[in-house]
Amino acid sequence: MTGPESSPLLGEGAEAQVIETRYLGIPALRKHRIVKAYRPPALDQRLRTERLRMEVRLLREARGLGIRTPFVLDIDLAEGSFVMERVPGRSVTEILEADASDGPENRDLLRRWGEAVGRLHRGNISHGDLTGSNVLWTGQEIVLLDLSMGSHTPELEEFGIDLHLVEEDLNTLSPDAGTLYAAFLEGYATGNPLGAAAIRERALEIKGRVRYS
Ligand SMILES: Nc1ncnc2c1ncn2[C@@H]1O[C@H](COP(=O)(O)OP(=O)(O)O)[C@@H](O)[C@H]1O
Ligand SMILES: [Mg+2]
């Protein structure tokens, strides 16, 4: 293993810390699951290990469904971290923050994002944290990131939550969220033609529940 040649922090959420590094000369990122001091240490260790294994496994399984995800280069279970290739590109959030319009380029971006998610769902994987910051656009393809909250035994509810979260996130990013979400759903139906109707319906139901609760 090569040591980190630089260590700028790319992101620090409640669950994980992402640090730039290199691995055998390749631009890479190390993702650490953060230790939760309020949990008994043995439980915390077990949860971190489980989520880490799940994330790495889902990244690989998604690739088997024809979806681009970062390649995992190394795993350190004891430390609770893994190293993945650093994919060049901008997140959907960054792109929409720079131009939130519903022009043809953004609609195309949303259609492609939707198609990737459709394929993921068709392969029976839910994402679990489907916001624009967990999706990269390389200029050529969509890359799905951060499957740490995903499941490979999802219920209809989890698929519905994925779509609902996309709609909510678009609402915070663009005044043209309606058109952009429609483009997402169009792509989604291409990726998941059989499941689309039931899952859209569930997403609507979740929206109603959230609104009136
Ligand atoms: N493989 C990758 N290549 C490029 N950027 C990445 C990669 N993985 C994560 N990122 C960037 O780092 C941010 C945080 O990573 P993420 O896996 O989403 O962790 P968190 O659980 O903290 O949200 C992402 O929103 C994205 O901008
Ligand atoms: Mg994330």
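Rule-based calculations on the coordinates, nothing more; no lab input. For clarity, every value in this text was computed on a predicted model and none was experimentally measured. All Cβ positions, glycine included, derive from the backbone under ideal geometry; neighbour counts span all protein chains shown.
Quick one: is ARG68 of a type in the set (D, E, K, R), within 14 Å of ligand 1 (Cβ to nearest atom), surrounded by 15 or more Cβ atoms within 10 Å (Cβ to Cβ) and touching a residue at least 24 places away in the same chain (Cβ under 8 Å)?
Criteria met by ARG68.
Which of the residues that make up the range 110-130 are part of a helix (DSSP H, G or I) and either hydrophobic (A, V, I, L, M, F, W, C) or without any contact (Cβ under 8 Å) to a residue 24 or more places away in the chain (or both)?
LEU110, TRP113, ALA116, VAL117, LEU120
Tell me yes or no: at least one residue of the range 28-51 is under 27 Å from LEU120 (Cβ atoms), under 16 Å from the mean Cα position of the chain (by Cα), outside any strand (DSSP E or B) and within 14 Å of ligand 1 (Cβ to nearest atom).
yes
Does SER133 count as small (Gly, Ala, Ser) and not in a loop (DSSP other than H, G, I, E, B)?
Yes: the conditions hold for SER133.
So which of GLY132, GLY114, GLY118 ends up being crowded, with 20+ Cβ neighbours inside 10 Å and within 12 Å of ligand 1 (Cβ to nearest atom)?
The match here is GLY132.
Just checking, which of THR69, THR21, THR49 is within 30 Å of THR179 (Cβ to Cβ) and among the β-branched types (Val, Ile, Thr)?
None of the others qualify; the one that does is THR69.
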